[in-house]
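Notes follow the structure.
What follows draws every value from the coordinates through simple rules; no lab data is involved. All of these numbers come straight from a predicted model, not from anything done at the bench. As a convention, Cβ positions derive from the backbone with ideal geometry for all residues, glycine included, and neighbour counts pool all protein chains shown.
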Amino acid sequence: MNPQTEAQLRQELHGDEGIVLKVYDDATGRPIGPGTLVKGNPTIAVGRNLSARGVRASESEQMLSNDIADCEAELAAPMPWITTLTPGRQTVIYSLYFNVGLGNPARFEAKWPKFLQQMQTGEWMAAASNLETSQPWATEVGPRAHRLAELVRYG
């Protein structure tokens, strides 16, 4: 497609479809959340029908890169000590935040106060045990709890 056609098409699609950065029902225009009855198709961005097209692997990786950057930025102020940990232990905290608290550091800290204190003070065995026995999270995530606990124990 030549650049002029692409530019004109983009302008048309932006005008007709709009830009919506959360998943919405294309039949109603309403955001989709837990328990929402969808009448049309789950759609995002500029008319991307997620049922028909989904996302490409490269788009998924770009979204993951953005989310990882958000994790780091969101935890930098409330938990600056994370950067003093080994890469494996940092990975555990970011992975846990990604799983249960992305976008809300205060909620994350409130949900995991003992674990985070143990991580900050270097109580690796206690922190690992905390992860493996934290319910219902450990049961919900299954092997992930044990894998992350091993990273805590051995860095």
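Arranged by the count of other C-beta atoms within 10 angstrom, fewest first, what order do ILE82, ILE68 take?
The order, fewest Cβ neighbours first, is ILE68, ILE82.
Looking at the chain, the pairs of alpha carbons with a distance over 24 Å make up 51% of the total.
Farthest towards the positive end of the charge dipole of the chain, among the residues VAL38, VAL100, LEU64, is the Cα of VAL100, using unit charges on the Cβ of Lys, Arg, Asp and Glu.
Each helix, a run of at least 4 DSSP H residues, gives -39500 (n - 2.57); summed and divided by the residues of the chain, these come to -18000 deg cm²/dmol at 222 nm. Evaluate the Debye formula for the stretch 57-136 with equal point scatterers sitting on the alpha carbons, no solvent, and hand back log10 of I(q)/I(0) at q = 0.11, 0.15, 0.22 Å⁻¹, in q order, two decimals. Debye curve over Cα of the stretch 57-136, log10 I(q)/I(0) at q = 0.11, 0.15, 0.22 Å⁻¹: -0.29, -0.53, -1.06. Summing Cβ point charges (Lys, Arg +1; Asp, Glu -1) relative to the Cα centre of the stretch 11-93 gives a dipole of roughly 260 debye.
Residues SER60, SER134, SER129, ranked from the fewest to the most other C-beta atoms within 10 Å, line up as SER60, SER129, SER134.
Using the 10 angstrom Cβ neighbour count as an exposure proxy, how do ASP25, ASP67, ASP16 rank, fewest first? Walk me through the numbers on the way to the answer.
Working: ASP25 17, ASP67 14, ASP16 9.
Fewest to most other Cβ atoms nearby, the residues stand as ASP16, ASP67, ASP25.
The charge dipole of the chain, taken about the Cα centre with unit charges on the Cβ atoms of Lys, Arg (+1) and Asp, Glu (-1), comes to about 380 debye, rounded to the nearest 20.
Which of the three applies to the stretch 65-109, rounded, prolate or oblate, going by the alpha-carbon gyration tensor with a ≥ b ≥ c and a/c under 1.5 meaning rounded? Cα axes put the stretch 65-109 in the rounded bin. Can you list which of the chymotrypsin sites (Phe, Trp or Tyr not before Pro) found in the stretch 92-154 are DSSP loop residues with at most 10 other C-beta atoms within 10 Å? In loop regions of the stretch 92-154 (DSSP not H, G, I, E or B), there are no sparsely surrounded chymotrypsin sites (Phe, Trp or Tyr not before Pro).
If the only charges are +1 at each Lys and Arg Cβ and -1 at each Asp and Glu Cβ, what is the size of the charge dipole of the stretch 3-49 around the Cα centre, to the nearest 20 debye?
Numbers: 5 positive and 6 negative charges, 47 e Å.
Once rounded to the nearest 20, the dipole reads 220 debye.
Straight Cα distances below 21 angstrom link LYS22 to the lysines LYS39, with same-chain residues fewer than 8 positions distant left out.
Taken as Cα centroids, the stretch 74-104 and the stretch 8-70 sit 28 Å apart, rounded to the nearest whole angstrom. Net length available on complete extension from LEU50 to ALA76 is 6.0 nm, with 0.36 nm assigned per residue and the Cα-Cα distance removed.
Please determine, in degrees from 0 to 90 and to the nearest 10, the orientation of helix 124-133 with respect to the longest principal axis defined by the Cα atoms of the chain, where the helix direction is its Cα long axis. So the helix axis and the longest Cα principal axis differ by about 60 degrees.
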